[in-house]
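Reading through the structure tokens given below for one structure.
Computed from the coordinates by the stated procedures, all read-outs in this text should not be read as laboratory data. Predicted model, so just to flag it, every value in this text is computed and none were measured. In this analysis, Cβ positions are derived from the backbone assuming ideal geometry, glycine residues included, and neighbour counts consider all displayed protein chains.
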Amino acid sequence: MASADDVRKIAEQEARLVFEGFDEAAAFEIGSAIRARGLAEKFPIVVDIRLWDRTLFYCALPGSTVGNSEWTRRKINVVKVFHRSSYRMVLSKGREDRTFAVGEALPIEDYVLAGGGFPIRVKGVGVIGAVAVSGLPERQDHEVVVAALCDHLGIDRQELALPPVSNN
């Protein structure tokens, strides 16, 4: 399991990966970059980029399933409620069953604790949507999104990369 250091690093990612503006062209560029990486590395992923009122980019790569589409939808719902990455929520909540506590009133069919959803934050506006990837282990889903956002915003990926996982 990732450490508190990962939670701090993800909070830094969320604070730094902020757009001056975000539109259909930005969604297409980011989605296309993730798609190109996915094809090159043979990732069986779904990529879903949405504003709260509509989908701006969607693709399903070879090997992905309808289940991956459902996982991206549920990850995006988590980002919408908490304005945090879904992986940060996984680490913060620490629930092995991948569900929210009953008192949080977030039904399993619409919300999941799984990494790969990341907020689209616009300076001076706030969180307006989310980018989600599903099909890889959750930490890697998260990394794929963060790397694409870093590239798009001109931030060195290594500055915001999560540390390697130790096998202790």
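Worth a mention:
- A search for C-beta distances below 7 Å between a residue of the range 89-102 that is in contact (Cβ under 8 Å) with a residue 24 or more places away in the chain and any residue that is part of a loop (DSSP other than H, G, I, E, B), counting only pairs 6+ apart in sequence or on different chains, returns MET89/LEU113; VAL90/LEU113; VAL90/ALA114; VAL90/GLY115; LEU91/ALA2.
- Counting only strands (runs of 3 or more DSSP E) that sit wholly inside the range 38-131, those with at least 2 residues that are within 13 Å of the chain's Cα centre (by Cα) are 46-51, 117-122.
- Of all residues making up the range 52-109, the number that are hydrophobic (A, V, I, L, M, F, W, C), exposed (fewer than 13 other Cβ atoms within 10 Å of the Cβ) and either under 24 Å from ILE30 (Cα atoms) or in contact with a His (Cβ under 9 Å, 6 or more places away or on another chain) (or both): 2
- In the range 116-138, the qualifying residues are those that are surrounded by 17 or more Cβ atoms within 10 Å (Cβ to Cβ) and out of contact with any strand residue (DSSP E or B) (no Cβ under 9 Å at 6 or more places or on another chain), and the one that is farthest from GLY67 (Cα to Cα) is GLU138.
- Search result, residues across the range 30-73 that are farther than 16 Å from ILE120 by Cα, without any contact (Cβ under 8 Å) to a residue 60 or more places away in the chain and among the charged types (D, E, K, R): ARG35, GLU41, LYS42, GLU70
- Just one of the listed residues (HIS152, HIS142) is buried (at least 19 other Cβ atoms within 10 Å of the Cβ) and either farther than 22 Å from ASP53 by Cα or among the hydroxyl-bearing types (Ser, Thr, Tyr) (or both), namely HIS142.
- Residues within the range 20-35 that are among the aromatic types (Phe, Trp, Tyr) and either buried (at least 18 other Cβ atoms within 10 Å of the Cβ) or part of a loop (DSSP other than H, G, I, E, B) (or both), tallied: 1
- In the range 75-88, the residues that are over 18 Å from VAL144 (Cα atoms) and in contact (Cβ under 8 Å) with a residue 40 or more places away in the chain: LYS80, HIS83
- Lone qualifier among ALA148, ALA105 - being free of Cβ contacts under 8 Å to residues at least 40 places away in the same chain and small (Gly, Ala, Ser): ALA105
- Hey, LEU17 surrounded by 17 or more Cβ atoms within 10 Å (Cβ to Cβ), aliphatic (A, V, I, L, M) and touching an Asp or Glu at 6+ places or on another chain (Cβ under 7 Å) or not: no
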